[in-house]
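Read the figures in this text as sums done on the coordinates, not as results from a lab. Bear in mind that the values here come from a model prediction, so they are computed numbers and not experimental data. Please note: Cβ atoms are built from the backbone with ideal geometry, for glycine as well, and neighbour counts cover all protein chains shown.
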Amino acid sequence: MACVSNALIVGGGIAGLSAALALSRVGVHCDVVEIADSPLGASLGLSGRATDALVELGVYDECRTTSTVFSHDQMPTSLRDTAGQLLSPGPKRPEWLGIRDSIGVYRPVFLEILADHARRLGVTIERGVTAEAIEDRSDASRVKFSNGEQFCYDLVIGADGIRSRTRGLVFPDAPTPTYAGQLSIRWMAPGPAVPDEGFYLGPMGRLGFYYLPQGMVYVPAVVPLSEWKRFTDGEVHALFTRLLDSYTARAIVELRKRLAPDAILIARPFEWILMPEPWHRGRTILIGDAAHATTANMGQGGGMAIEDAVVLAQCIRDASTLADAFDNFMRRRFARVRTVVESSVELSKLDLAKAPPKEYVGYLAAALGALGQPY
Ligand SMILES: Cc1cc2nc3c(=O)[nH]c(=O)nc-3n(C[C@H](O)[C@H](O)[C@H](O)COP(=O)(O)OP(=O)(O)OC[C@H]3O[C@@H](n4cnc5c(N)ncnc54)[C@H](O)[C@@H]3O)c2cc1C
């Protein structure tokens, strides 16, 4: 029997919904509060051990049927120049990544699959609400919500992303995110697949693309930007247009034709944070980006969030006290997650220093290889 009977999860993103599902499967009743009215998002690549975690959550097969599936030799990781000439075939996939096919899943679809499975196990998901105060008592945590309600929980999970309000409430002394000198822009381009999927490296920045079965091409781009500033939608559009125009590769020219003036572009600074151990205080614990967010160079942040959720549920199931469960969780998660955060930040530095593609790809391959151990 689990060492807690109910949990509040703040944040209904990847970490929060995965935790709700994983904990429900071990008999813990979960309430989720999510501040946003609907999920915004692009695609998410999930590979390696993240797919083990999806199997454990019972959603891998369903995700696979709605995703682009990358079998062992089909990962779109090749690197080309502005004209489309091949610079590198990309990192050789570590053997362990071949256990199961990797997937590229449209984030809103993925979140709906998680939410649907969680609801079927009795999870409540309330949108437009957040936790405003968390009072830790010896027998329970009393949570005051933004809608005026108050409830007690055995466990509170902060899964509210890189700007976590829960982190601020429970760890007022926590570090704040560090800007990594790069801006990411993501676009879901309408229309059919475009040949020569993979990454492209140009003087203004890097971009890549792959097709999703929802009839869209996912285009993530990264440009250097020494000082972070908030851009208007128009400025983001102008910058992204200039980036696409700086390429003569046939594939990018084709994508450029699809960029409408009102295209939705998601611009975010590349930032990172690694909460020092422990990520828990009283009955509250942080998981996912709330505890450890990083630049997207390894494409592993979402995978780590899902692993966190699965491991936390295992620890809650197996321990006789919450304190033991938290200790075991930290023992299993900290070093693995630190590898991802630090390696991804290092990759940003290599990118900004315009390191030769061979050096960048070699570093990426080694960093991915280090994640082969089971979580
Ligand atoms: C450009 C880019 C590309 C990426 N590509 C990949 C990839 O291919 N593969 C991969 O594995 N990872 C990728 N990542 C990383 C991945 O997006 C994150 O690691 C992942 O989203 C973390 O999940 P999370 O649930 O912890 O946080 P989030 O996804 O940020 O979810 C947090 C949720 O909490 C909600 N919330 C926020 N504040 C509150 C509040 N006060 N109360 C209630 N709810 C709140 C938010 O609305 C959100 O729904 C990428 C990141 C970026 C920036």
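Could you give each residue of the range 363-368 its phi-based ³J(HN,Hα) in whole Hz, using Karplus coefficients 6.51, -1.76, 1.60 with θ = phi - 60°, and x for Gly or Pro?
Values, residue by residue: 5, 4, 4, 5, 5, 5 Hz.
If you take the Cα Rg of the range 247-309 and divide it by 2.2 N^0.38 Å, with N the number of residues, what do you get?
Details: Rg = 18.1 Å, N = 63, 2.2 N^0.38 = 10.6 Å.
Dividing the Cα radius of gyration by 2.2 N^0.38 Å gives 1.71.
Debye calculation, C-alpha points only, no solvent: report log10 I(q)/I(0) for the range 1-120 at q = 0.09, 0.22 Å⁻¹, in the same order as the q values.
-0.33, -1.21
Principal axis lengths of the chain from Cα atoms, whole Å, largest first?
64, 43, 37
Which of VAL345, THR68, LEU225 sits farthest toward the positive end of the charge dipole of the chain, with +1 on the Cβ of Lys and Arg and -1 on the Cβ of Asp and Glu?
LEU225
Listed highest first by mean packing, meaning other Cβ atoms within 10 Å per residue, what order do 304-312, 214-222, 356-364 come in?
304-312, 214-222, 356-364
At q = 0.14 Å⁻¹, what is the log10 ratio I(q)/I(0) for the range 194-329, with the Debye formula run over Cα points and no solvent?
Taking Cα atoms of the range 194-329 as identical point scatterers yields -0.79.
Give me a comma-separated list of calculated 3J(HN,Hα) values for the range 321-337, in order, Karplus coefficients 6.51, -1.76, 1.60 applied at θ = phi - 60°, integers in Hz, x for any Gly or Pro.
For the range 321-337, the Karplus curve yields 10, 5, 4, 5, 4, 4, 4, 4, 4, 4, 4, 8, 9, 4, 5, 4, 5 Hz.
What is the Å³ per residue value for the convex hull set by the Cα atoms of the range 180-270?
90 Å³
Report the calculated FRET efficiency for ALA353 and GLU132 (r = Cβ-Cβ distance, R0 = 56 Å), to the nearest 0.05.
0.80
Compute the angle between helix 107-120 and the longest alpha-carbon principal axis of the chain, please, reported from 0 to 90 degrees and rounded to the nearest 10.
The angle comes out near 20 degrees.
Take ARG268 and ASP81, extend 7 Å from each Cα along the Cα→Cβ direction, and tell me the distance between the two endpoints in nm.
Modelled inter-label distance: 3.3 nm.
Find which of LEU87, GLY41, GLY122 sits farthest along the positive direction of the dipole of the range 1-155, computed with +1 on the beta-carbon of Lys and Arg, -1 on that of Asp and Glu, about the Cα centre.
LEU87
Could you tell me which residue out of GLY299, ILE316, ALA53 lies farthest along the dipole of the chain toward its positive end? Charges go on the beta carbon: Lys and Arg +1, Asp and Glu -1, centred on the Cα centre.
GLY299
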